[in-house]
């Protein structure tokens, strides 16, 4: 089928005249003189091959061809207007799609407030939120399957990615409530030397895993890892069953399990870093808007 070559100005003139059914009124509404309006309509009628209006003294009415064309012309102009508005919104970063990966434990800390603030500022943005651990987030950023990552312990030496610290937090000991150390307000890391550990696998978050095992090494022992679980919620559930103990970011205390005790650890100087990650020079303006929302959040959360 041959694609019609019809200027949008002609369709617009046709719709306005169909609304007004008066050449003078339609020309005034369009901000042009009446002769140019008549020329626009004549050219459109030549393209259609049939008159679109009956022209009688003091009266203009639509022909059957005009009545058939009118809803199509309205739809075309409406879709174009909507498309232009959407393109402008996306171009300015007020709309569009932003794919965000996040570590599950961050749903207990920074994620809810960050997303709430962002949605208040950019209600037309389409957010695609994906739960994934830190290492897969880094891979997904490189593969361009997510635009933003919220993760723990970002890797060093990344040239393509940028990182901004959102907060840091201390570690806590995670113990079965019946454990003898649960009666203490503070647990020395060295006191956990003989206990089996429950930890996430190293490959899902190498930097965080090494920071935890580094705490144990500094206390004079290598942790004996008896069980592994990807998510901290599962780690805590396994600790509750008595399968071992763990060292975890302090925000894990917000997981409510009746038979799990969370205790401060000594020394308490080691902290875990939570960061937002993105591709440098990403053209999606929503990335910059989210980074602005993150702002200069003080990295001293607990």
| task | Choose one answer from 246, 156, 38: the residue with the largest mean-square fluctuation in a GNM of the chain with alpha-carbon springs under 10 Å. | result | 38
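Would you kindly state how much longer the chain becomes between residue 80 and residue 280 on full extension, computed as 0.36 nm times their sequence separation minus their alpha carbon distance, in nm to one decimal? Working shown, then result.
On the way: separation 200, 0.36 × 200 = 72.00 nm, distance 3.32 nm.
Full extension of this stretch gives 68.7 nm more.
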| query | What angle do you read, to the nearest 10 degrees and between 0 and 90, between the alpha-carbon axis of helix 134-143 and the longest principal axis of the chain? | reply | 30 degrees
| note | The simple spin-label model distance between residue 39 and residue 67, using points 7 Å out along Cα→Cβ, in nm, is 3.2 nm
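Using only helices, what value at 222 nm comes out for the chain when you add -39,500 (n - 2.57) per DSSP H run of length 4 or more and divide by the total residues, to the nearest 500 deg cm²/dmol?
Per the formula, -12500 deg cm²/dmol.
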| said: What do you get for the angle between helix 110-121 and the principal long axis of the chain? Use alpha-carbon atoms, 0 to 90 degrees, nearest ten. | reply: 20 degrees
| field | Tilt relative to the chain, helix 64-92 - C-alpha long axis, 0 to 90 degrees, to 10 | value | 30 degrees
| request: Rounded to whole Å and sorted largest first, list the principal axis extents of the Cα atoms in the range 169-272. | output: 30, 26, 25
| Semi-axis lengths (Å, descending) of the ellipsoid that matches the C-alpha gyration tensor of the chain | 67, 17, 16
| task | Would you calculate the separation in nanometres between label points at residue 8 and residue 259, each defined as 7 Å from the Cα along the Cα-to-beta-carbon direction? | result | 6.7 nm
| request: Can you tell me the equivalent ellipsoid semi-axes for the range 216-302? Use √(5λ) from the Cα gyration tensor, largest first, whole Å. | output: 33, 16, 14
| task | Along Cα→Cβ, 7 Å out, is where each label goes; now give me the distance between the ones at residue 228 and residue 165 in nm to one decimal. | result | 2.9 nm
| said: Suppose R0 equals 30 Å. What FRET efficiency, 1/(1 + (r/R0)^6) with r the Cβ-Cβ distance, do residue 202 and residue 266 give to the nearest 0.05? | reply: 0.75
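Each reported figure results from applying straightforward, stated rules to the coordinates on display, with no laboratory input. Computed from a prediction, not measured in an experiment: that's the story for all the values here. All Cβ positions, even for glycine, are placed from backbone atoms using ideal geometry, and neighbour counts span all protein chains on display.
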